[in-house]
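In what follows, a structure is listed as structure tokens, so that the remarks can point back to it.
The values are calculated or read from the model by the stated rules, or taken from the named source; none is laboratory data. What you are looking at is a predicted structure, and each value in this text was computed from that prediction instead of being measured. Here the Cβ is made from the backbone with ideal geometry for all residues, glycine too, and neighbour counts use every protein chain on show. Keep in mind that these areas ignore ligands, DNA and RNA; they rest on the heavy atoms of the full protein, side chains included. Shrake-Rupley method; radii C 1.70, N 1.55, O 1.52, S 1.80 Å.
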Amino acid sequence: MPIYKIRGIDVDFPFEAYDCQIVYMEKVIQSLQELEMQCFVGESHRHGENVVPFMRNAGLEEKFGRVFNWGKELEVGECAGRGEESEAGKLAIRFSVNANANAITRKKVSFVDGLKLVSAVDPLAWNISMSDKPLNTAPEILLPKMGVLGSREQLCIHDEVRLFSGKAQNNACQYLCRIRECSYHSRFLYGALLFFDFFLKILESIFIWFIDYIETNPGLGDDPVDIEELVNIGRTNGPCPYYLSRELHKVVDILFTPYNYLIDRRNRDSLSVLWKDSVLIFDEAHNLESICADAASFDLPSGLVTACVAEAKKCIDISMRRKAIEKSNEQALNPDSYAILRALLLKLDQRIGEVPIESKELGFTRPGPYIYELLADLNITLETSSMLIETIESGVQLLVDAENESKNERKKAKGTVFRLATMADILQIIFKGGKSRARSYRVHVSDNEVKSINTFAGRNSRTLSWWCFNPGITMEAYSDMSVGSIILTSGTLSPLDSLALELKLEFPVRLENPHVISSNQVWAGVLATGPSGSPFNSSYRNRDSLEYKQELGNAIANFARIVPDGLLVFFPSYYLLDQCIGCWKNMGHAHSTNSSTIWERICKHKHPVIEPKQSSLFPSSIEEFMNNLKDTSTSGAVFFAVCRGKVSEGLDFADHAGRAVVVTGIPFATRNDPKVRLKREYLDQQAQLQKNVCKVLTGEEWYSQQASRAVNQAVGRVIRHRHDYGAMIFCDERLGCLFSPFFLTA
């Protein structure tokens with residue numbers, strides 16, 4: 001294997017590296033060597049799948065075995081901060097010497113991968129004692145341990161609990177664990193103990209499966225372990241994979257985790273991680289801006305408030321019954337607290353209903369700080385919010401206990417979801433970050449369609465929203481946590497300046513890599529007109545016309561006939577996908593004597609697969625597409641999908657699975673959508689305020705770039721490695737004049 005010297009580090013690479021890969025590695029190592037740095041690295045499409053943000057140490061494998069290899073070559077080559085290199089250079093580890101402890105401190109590194117989602121961790125920095133022996137022969141060197149976190153939906157193996165999802169699944173799991181009825185989590189072992197007077201007493205001794213498994217298998221994490229392997233461990237050896245991963249993450253050097261474990265403050269606080277000087281790497285980071293903004297925002301529909309009122313009433317009844325039985329003064333059983341909570345919720349619902357909405361399209365909008373004014377009318381302030389949140393959390397626990405106790409089958413998993421928990425989350429979002437950040441928000445109240453639950457009230461259902469338009473608010477938390485470095489990597493980060501402006505980080509280390517393939521391996525072009533000469537334009541004014549849908553269908557039928565193997569067709573939205581396919585199933589070619597419909601002509605050449613809206617059906621649709629590629633009765637398969645959908649994000653259609661991709665239009669967000677409109681207005685206001693101070697991002701630029709990145713993600717499904725080839729076809733005349741320079745270079 002070749003060894004590359006990159007910024008003083010010997011990198012033992014698994015194969016001959018491309019120039020763009022060497023530059024990529026150099027930028028990542030630079031960001032690790034220089035603490036408190038942020039780094040953009042644009043992947044070159046496509047050198048494997050995200051090949052090496054981290055590389056293994058050259059001498060380390062030779063002396064102590066392979067560091068790690070997880071399909072993607074993600075291996076550690078730069079271990080810690082500033083300092084000197086070992087004289088022998090064989091270990092190629094940069095280190096810092098702690099004069100007081102006379103020890104070498106190695107920093108930990110973490111990796112975050114978009115949908116497999118890998119995140120970032122920590123350093124519980126560990127020390128290697130210095131000795132008289134040369135550093136390159138020190139047997140004390142340890143290899144990094146790795147762990148992965150996932151959701152209960154991915155990891156649960158309990159026959160009942162795994163049937164639920166979301167909060168219902170969490171509640172069912174927590175209930176069974178609390179009553180010690182999940183055999184994968186814990187078991188009762190019975191033993192006899194003799195006491196002073198030799199009386200025999202039978203005691204229950206709790207055996208925690210996952211803790212015992214880690215204690216008896218200290219090597220877990222030394223080799224790569226993924227979600228499937230954790231599930232297999234649980235099924236064959238007994239410990240719960242979910243809690244096993246939660247326990248393992250406390251001792252690992254490298255942690256793979258979903259975005260929400262890093263972005264969401266509540267999930268982040270649940271991790272046993274020392275964040276100081278840790279390195280966070282976000283893969284597929286083109287989605288980071290929207291994820292950060294959404295994590296700091298909320299929508300509160302009146303139906304949810306009504307459900308909370310009903311649950312608060314249940315809390316009153318339950319607490320009164322239990323207090324009468326138990327004769328307890330415990331605050332959690334105080335019915336007055338829940339009566340106050342119910343009154344506040346009723347007042348909040350009334351207050352939202354009284355907001356004057358003059359236009360249903362525009363709704364009611366106020367600056368972000370208005371949320372505190374609205375809640376202050378109900379005596380909900382920063383000072384009272386903590387007590388209110390505690391009351392809500394006590395109420396939720398009261399409801400959970402009562403729900404479980406009321407069933408005859410007491411030991412059966414219950415998957416009830418209580419809406420009061422969502423109300424507690426909303427109050428946390430409003431009050432935990434302080435009022436100063438509210439300037440980056442907008443309060444919006446909208447009228448929705450009449451819901452049956454509110455019909456008796458004689459008014460429409462409404463939604464109170466508090467939308468964050470500054471995703472940098474979420475990223476500021478990492479500075480407060482003293483994180484060492486933040487690395488964002490993706491094939492569609494460009495333009496980098498605008499993303500840095502959105503996230504409010506400098507990112508002094510940047511890289512925009514060229515494509516790994518040569519120009520003769522891809523054909524990319526804009527098809528402005530269809531077979532009959534009618535223009536392709538999927539704008540809102542034109543997309544519903546019969547002529548447009550017919551012309552597009554005839555073009556795709558021709559592509560299905562000409563393109564071998566796999567063909568991907570992306571629409572701007574599910575609405576347009578449904579409209580076009582519905583039209584094609586009932587219409588033939590206007591200038592042909594052939595009685596076949598457009599859909600039948602497409603199916604004659606390729607098996608069609610349509611991306612489902614339900615995520616649970618997605619794996620079966622992918623399997624269907626791959627199986628249809630093997631069918632020799634046709635020339636392959638065609639996958640109809642949408643930009644920003646699951647097919648366009650991170651899936652690999654290499655080689656024959658994707659020989660061409662067709663983008664039927666520009667996936668602009670709905671311009672008059674309140675959230676989109678207010679985001680544009682917010683950016684324009686900020687641009688006006690800061691135009692003489694610094695470079696700014698306007699609302700129109702943001703609007704166009706969001707669509708651009710979505711298209712780039714879609715077309716990126718085809719060219720997946722150095723020797724791959726394919727065609728990228730843009731069926732919209734607007735792409736030729738507005739976006740072709742950006743698309744065809746990216």
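Computed values, structure above
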item	result
Residue in the range 569-581 that is more than 22 Å from Ala657 (Cβ to Cβ), open to solvent by less than 50 Å² (accessible area, probe 1.4 Å) and of a type outside the set (A, V, I, L, M, F, W, C) present	yes
Single residue of the range 458-476 satisfying the filter (part of a loop (DSSP other than H, G, I, E, B) and either open to solvent by 50 Å² or more (accessible area, probe 1.4 Å) or under 16 Å from Ala438 (Cβ atoms) (or both)) that is modelled with the lowest pLDDT	Gly458
Residues (closer than 30 Å to Val23 by Cα, of a type outside the set (Ser, Thr, Tyr) and open to solvent by 40 Å² or more (accessible area, probe 1.4 Å)) located in the range 512-554	Glu512, Pro514, His515, Asn520, Val522, Trp523, Ala524
Val450 modelled with pLDDT under 85 and among the β-branched types (Val, Ile, Thr)	yes
Candidate set from the range 316-340 (those that are open to solvent by less than 30 Å² (accessible area, probe 1.4 Å) and more than 25 Å from Ser461 (Cα to Cα)); member that is modelled with the lowest pLDDT	Ser328
Pick from the range 286-305, criterion open to solvent by less than 30 Å² (accessible area, probe 1.4 Å) and not hydrophobic (A, V, I, L, M, F, W, C), ranking: modelled with the highest pLDDT	Ser297
Pairs where the first residue, in the range 381-403, is farther than 17 Å from Leu348 by Cα and the second is among the acidic types (Asp, Glu) and modelled with pLDDT of 90 or more, C-beta under 8 Å, 6+ apart	Gly395/Glu311; Leu399/Glu311
Residues located in the range 207-243, provided they are within 22 Å of the chain's Cα centre (by Cα), of a type in the set (A, V, I, L, M) and within 22 Å of Val161 (Cα to Cα)	Ile227, Leu230, Val231
Residues located in the range 621-640, provided they are among the β-branched types (Val, Ile, Thr) and open to solvent by less than 20 Å² (accessible area, probe 1.4 Å)	Val638
Candidate set from the range 665-714 (those that are open to solvent by less than 50 Å² (accessible area, probe 1.4 Å) and β-branched (Val, Ile, Thr)); member that is modelled with the lowest pLDDT	Val696
Every residue from the range 255-285 that is open to solvent by 10 Å² or more (accessible area, probe 1.4 Å) and more than 30 Å from Leu427 (Cα to Cα)	Asp277, Glu284
Residue selected from the range 14-37 under the condition open to solvent by less than 30 Å² (accessible area, probe 1.4 Å) and hydroxyl-bearing (Ser, Thr, Tyr), by the criterion modelled with the lowest pLDDT	Ser31
Single unsatisfied condition, Val662 versus (1) within 29 Å of Asp724 (Cβ to Cβ); (2) modelled with pLDDT of 95 or more; (3) in a helix (DSSP H, G or I)	(3)
Conditions (1) more than 18 Å from Glu733 (Cα to Cα); (2) of a type in the set (Phe, Trp, Tyr); (3) touching a Ser or Thr at 6+ places or on another chain (Cβ under 7 Å): number failed by Phe536	(1)
Members of the range 381-400 that are open to solvent by less than 60 Å² (accessible area, probe 1.4 Å) and over 32 Å from the mean Cα position of the chain (by Cα)	Thr384
Strands (runs of 3 or more DSSP E) enclosed by the range 477-560 - at least 3 residues per element that are of a type in the set (A, V, I, L, M, F, W, C)	485-490, 522-526
Test result for Ala557, at pLDDT 90 or above and crowded, with 22+ Cβ neighbours inside 10 Å	yes
Tabulated pairs, the range 707-724, first within 17 Å of Pro514 (Cα to Cα), second in a helix (DSSP H, G or I) and acidic (Asp, Glu), C-beta under 9 angstrom, 6+ apart or interchain	Arg720/Asp655; His721/Asp655; His723/Asp655; Asp724/Asp655
All strands (runs of 3 or more DSSP E) inside the range 221-314 with 1 or more residues being within 25 Å of Trp702 (Cα to Cα) and in contact with a Leu (Cβ under 9 Å, 6 or more places away or on another chain)	279-283, 298-301
All positions within the range 633-659 that are within 21 Å of Tyr575 (Cβ to Cβ), among the aliphatic types (A, V, I, L, M) and part of a strand (DSSP E or B)	Val638, Ala641, Val642
Count - residues of the range 587-617 that are modelled with pLDDT of 90 or more and open to solvent by less than 70 Å² (accessible area, probe 1.4 Å)	14
Of residues in the range 424-448 being outside any helix (DSSP H, G or I) and of a type outside the set (Gly, Ala, Ser), the one most open to solvent (accessible area, probe 1.4 Å)	Lys432
Residue match in the range 564-574 (condition: assigned to a helix (DSSP H, G or I) and without any contact (Cβ under 8 Å) to a residue 60 or more places away in the chain)	no
Every pair of residues 6+ apart whose Cβ atoms lie under 9 Å, when the first sits in the range 218-239 and is basic (Lys, Arg) while the second is in a helix (DSSP H, G or I)	Arg235/Pro241
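Every residue, every condition in (1) under 21 Å from Glu390 (Cα atoms); (2) of a type in the set (Lys, Arg); (3) in a helix (DSSP H, G or I), yes or no:
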site: Ile325; (1), (2), (3): no, no, yes
site: Leu345; (1), (2), (3): yes, no, yes
site: Leu348; (1), (2), (3): yes, no, yes
site: Glu358; (1), (2), (3): no, no, no
site: Leu362; (1), (2), (3): no, no, no
